[in-house]
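Peer 1: Here you go, one structure.
Where a number appears in this text, it was derived from the coordinates with a stated rule and is not lab data. Bear in mind the structure is a predicted one, so any value in this text is a computation, not a measurement. When we count neighbours, we look across all protein chains shown, and the Cβ atoms used for this are built from the backbone with ideal geometry, even at glycine.
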Amino acid sequence: MTRALAPLLVAVSQGPRLGPGWQRIALFVFAAYYLGARLGLTLTFAPHPLSVLWPPNAVLFAAMLVLPAGRWWLVVVAALPAHLISELQGGIPLTMVLCWYVSNVGEALIGACVVRAATAEANPFATVRGVLVFLGACACAAVMSSFLDCAFVVLNSWGQTPYWTMWLSRVIANITADLVFVPAIAAWILARGTPFPRRDEAALVFGGLALAMLIVFNTALATDWPAAQVCVPVPFLLWAAFRFGPRGAGTAFAMVALAIIWSAGHGVGALASRSPVENAHSVQLYLLCIGPTLLFLAASADQLRRGVESLGVSEKRFQLVLEATREVVYERDLASGALWWSRDGLAHFGYSRTGALRDFTSLADLVHPEDLPRATAAREAALADGRTLWEAEYRVRRANGTYAHVHEKGFIVRDSQGRATSMIGALTDTSEHQDTEELAQRLAQASRLTAMGELAASIAHEINQPISAILNNVDAAQALMETGRATDDDMREILDAIREDDLRASEIVGHIRGLANKRTTQVETLDLNALARAVIRLALPTARRRGVMIQSNCATLPPVRGDRIHLQQVLLNLLFNGMDAMRDVPVEDRVLSVAAEVSGAGGVEVTVRDRGHGIPDGQMPRIFDSFFTTKPDGMGLGLSIAHTLVTANGGRIWAQNNPDSGATFHFTVPAAG
Amino acid sequence: MGRRIVVVEDDASLGRAMERVLRVGGLDPRVFGSAELLLESGEASSACCMVLDVQLPGLDGFALHDRLRETGFTGPIIFATAFDDREARTAAEQRSPAAFMSKPFTGLSLLAAVREALSRMPADPPFRLA
């Protein structure tokens, strides 16, 4: 309560303020108060000066309900002239008039304070709890202000009615007035900005209500009808409340109230068959029964409507999330075994929704038989251990018979005793990712073969040199022997040369085998200098053919860890890339520099620097993408493969343009140990 | 001493083997590691026949051939290459070499090619006087 009152106290403590549109508010309060007073007089049960409801107090209450507490003083001030004008016309002493003013304002203040203190709802008529608070506030305000009111009457010696009789009639009249007018006024003001829905239906319901009231309450004809005819407006009232919320309920109820009071006061219609006092009580009882019912109905219908709307928004958001994450979600009720799939869930795997729902009672029906143990193990373990989360990776059969790789993240819903009641799984299709990895592997292989094609000519040259040398030496030896002049030294020299060339040839063959073999990664400790020398030797013939000079500058390097073939491939690709880049520059500028040094991070950094055309602006981020190339006959694989292999070996690869000309490629290899 | 044969071959081991087989064959071989080294030595004029590797660092075998012809060398020139492709053959044929040897070749075939080329030559060094 104290906490609820806090905003009220803050609002009041900020002091009175005019705020925007104060003239409009003041004018409205003045006019409504004055009209309310005139209406109250009109609705008296002639010939007795008995008012069954007194609207001005309700006008003040409604105004305070819709205004911040800091502006309530505006209501109090604006109502005073209206009060004086309307009351002084009746020849009532000024003291009495002012006393009534105090009790009227008191009632509105009490009611508004109770509502503000008990609920933070901006519109109390929109929720069932809000309506309950409002009814409580009406009762509070009417009971308390009536003590004051009656005391003033007694003190001013105005009228002879006994105190408690007067008090009771005041309480009932004030509650009735609040019930009739506050919702009708406040609901409209609080809902401003929201268009009134379904105008045709509204015309029908309010037209029907008006017709029903006209017949039942306002014709002499109805006086002789059975008493139950008072029920005739009820369907229209319920209709308005259910379909049009607090505004519909408030308006319809106020219409009925005014019609019934006026007619009963004038002795016509269903509730005008007895004495004026009895008629007045009938009217009040009727209104007090119907009013709260309508307000509750309107509030709960409104809440229901908002609930459905927010459910729709939430459902839509949920669907969007599913679509955005491309996840397939299922839920299994562990008690009933029922399986629910997200809307496009099974369609993702090519199944028609209806067919699949009929055919698959379990996710296991879709899992690759080999993966079934793997798919269920994590979930079963989570279920058994009382955990709520699990993850698994397995293959799911698509409608076309192929398999999709999925990653499943699951959640087990448990009741308060910890028993699993249902489980929810989200499948992420990782097929594309897996395919990409497979493709990358195939490409790495293909690239090695492409490099092989490029290298085939080089290798032929390289290997033909020692073979030619051997063949020449053999013939020289044979010829020497035939002449009979052959010395042992001559023969030894020739045999040594032959052995050397044989070893050279077999070394080259070893390189070719290493490059061509399909193989798995073999991490070993490597001497990067030796590796670089071997690769440069392989590339050298091609370099000569293309007029490229390869300079190498290798410092003393620590041993590194990596896959020999991978790193050879990386360096080869970078060498060929550098040579390609210098295709159009003058021969004397075709210099490719290879250097290796200890990198800051402890490993070794290899750089390959060319003097070619460099990397065009804006293409730097893409140069390591597959199939991206700037060469007329390039495939766009060399650098991408280099990137893949360097990354796979725990290194990093990057490029930058040189300040003078060409580009430099760097890659790192982690140190051994 | 036999007739002077100039060999331009950048592979040192092969160069030595060719030198060996030509000497055993009764000829006087001189081996150079590059076209530039031959041109600088000034020994081109003393050659009766030349064996040029096509793939050389710097000036290649065809360019060296053209340079030698420009400077008046009229003797037979034999090309040797490991890149026996159509491009290389066409380039060689345009220069009407005495022989086109595809690596790997035997010492006997080298000797035979050189002797065949020399047999069609007068005994004097084939340098035309400018």
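Peer 1: Can you tell me what share of the DSSP beta bridges in the protein assembly as shown is antiparallel? A percent to the nearest 5 is fine. Mind dumping the intermediate values first?
Peer 2: Details: 53 of 76 bridges.
Percent antiparallel among DSSP bridges in the protein assembly as shown is about 70.
Peer 1: Something else about it: Amide H of A:R652: which non-local residues (sequence gap of 5 or more, or other chain) have their own amide H closer than 5 Å, using H built in the peptide plane?
Peer 2: A:T668
Peer 1: With everything on Cα atoms, drop me the angle between helix A:431-483 and the longest principal axis of chain A, reported from 0 to 90° to the nearest 10.
Peer 2: Between the helix axis and the principal axis of chain A, the angle is about 10 degrees.
Peer 1: Just add up the charged neighbours of A:G248: K/R +1, D/E -1, any other residue whose Cβ is under 13 Å from the Cβ of A:G248.
Peer 2: Working: positive: A:R198, A:R199, A:R243, A:R247, A:R305; negative: A:E201, A:D302.
For residues surrounding A:G248, the net value is +3.
Peer 1: Could you work out the local net charge near A:R544, counting Lys and Arg as +1, Asp and Glu as -1, over the other residues with Cβ closer than 9 Å to its Cβ?
Peer 2: Here the count lands on 0.
Peer 1: Shielding of B:17-30 by partners, i.e. mean partner chain Cβ atoms within 10 Å per residue?
Peer 2: Mean partner-chain Cβ count within 10 Å for B:17-30: 5.
Peer 1: Here is a follow-up. Rounded to the nearest 0.05, what FRET efficiency do B:R67 and A:S300 give with R0 = 60 Å and r taken as the Cβ-Cβ distance? Could you check?
Peer 2: 0.05
Peer 1: Now for a separate question. So for B:R16, A:R198, A:R305, fewest C-beta neighbours within 10 Å to most, what's the order?
Peer 2: A:R198, A:R305, B:R16
Peer 1: Quick one: go through segment B:65-88 and flag any residue whose amide nitrogen is under 18 Å from the point 7 Å out along the Cα-to-Cβ line of B:M121.
Peer 2: B:65-80
Peer 1: Nearest 20 debye, what's the magnitude of the dipole of segment A:197-334 about its Cα centre given +1 on Lys and Arg Cβ and -1 on Asp and Glu Cβ?
Peer 2: So the dipole magnitude of segment A:197-334 works out to roughly 220 debye.
Peer 1: Next question. Quote the FRET efficiency, to the nearest 0.05, computed for B:E43 versus A:A648 with a Förster distance R0 of 35 Å and r equal to the Cβ-Cβ distance.
Peer 2: My answer for the efficiency is 0.05.
Peer 1: Find which of A:N529, A:V153, B:F83 sits farthest along the positive direction of the dipole of the protein assembly as shown, computed with +1 on the beta-carbon of Lys and Arg, -1 on that of Asp and Glu, about the Cα centre.
Peer 2: Sorting the options by dipole projection puts first A:V153.
Peer 1: Taking chain A, how much of its Cα-Cα pair set, in percent, is spaced more than 41 angstrom apart?
Peer 2: When every Cα pair of chain A is considered, 62 percent fall beyond 41 Å.
Peer 1: Counting other beta carbons within 10 Å of each residue's own, what order do A:R374, A:R243 fall into, fewest first?
Peer 2: A:R374, A:R243
Peer 1: Length gain on complete extension for the stretch A:L285 to A:T194, per 0.36 nm per residue less the alpha carbon to alpha carbon distance?
Peer 2: Net length gain for the segment: 29.4 nm.
Peer 1: Also, I was wondering about something else. Using DSSP to call loops (not H, G, I, E or B), can you name the trypsin sites (Lys or Arg not before Pro) in segment B:33-124 whose Cβ has at most 15 other Cβ atoms within 10 angstrom?
Peer 2: Taking segment B:33-124 and a limit of 15 other Cβ atoms within 10 Å, the loop trypsin sites (Lys or Arg not before Pro) found are B:R95, B:R120.
Peer 1: Provide the per-residue ³J(HN,Hα) series for segment A:246-262, in order, calculated from phi with Karplus coefficients 6.51, -1.76, 1.60 and θ = phi - 60°, each as a whole number of Hz, with x at glycine and proline positions.
Peer 2: Calculated HN-Hα couplings, in order: x, 5, x, 5, x, 5, 4, 5, 5, 4, 5, 4, 5, 4, 5, 5, 4 Hz.
Peer 1: Would you calculate a helix-derived [θ] at 222 nm for the protein assembly as shown, using -39,500 (n - 2.57) for each DSSP H run of n ≥ 4 and dividing by the full residue count, to the nearest 500?
Peer 2: -19000 deg cm²/dmol
Peer 1: For a footprinting-style exposure proxy, rank A:F296, A:F349 by other Cβ within 10 Å, fewest first.
Peer 2: If I rank by nearby Cβ atoms, fewest first, I get A:F296, A:F349.
Peer 1: Amide H of A:S552 versus every other amide H placed in the peptide plane: which residues, excluding those fewer than 5 positions away on the same chain, fall under 5 Å?
Peer 2: Sorted by chain and number, the residues that satisfy this are A:V594.
Peer 1: Then there is this: Please list B:39-50, A:60-71, A:317-328 highest first by mean number of surrounding beta-carbon atoms within 10 Å per residue.
Peer 2: A:60-71, B:39-50, A:317-328
Peer 1: Using 0.36 nm times the number of residues separating A:L495 and A:D527, minus their current alpha carbon distance, what extension gain do you get?
Peer 2: Difference between extended and current length: 8.4 nm.
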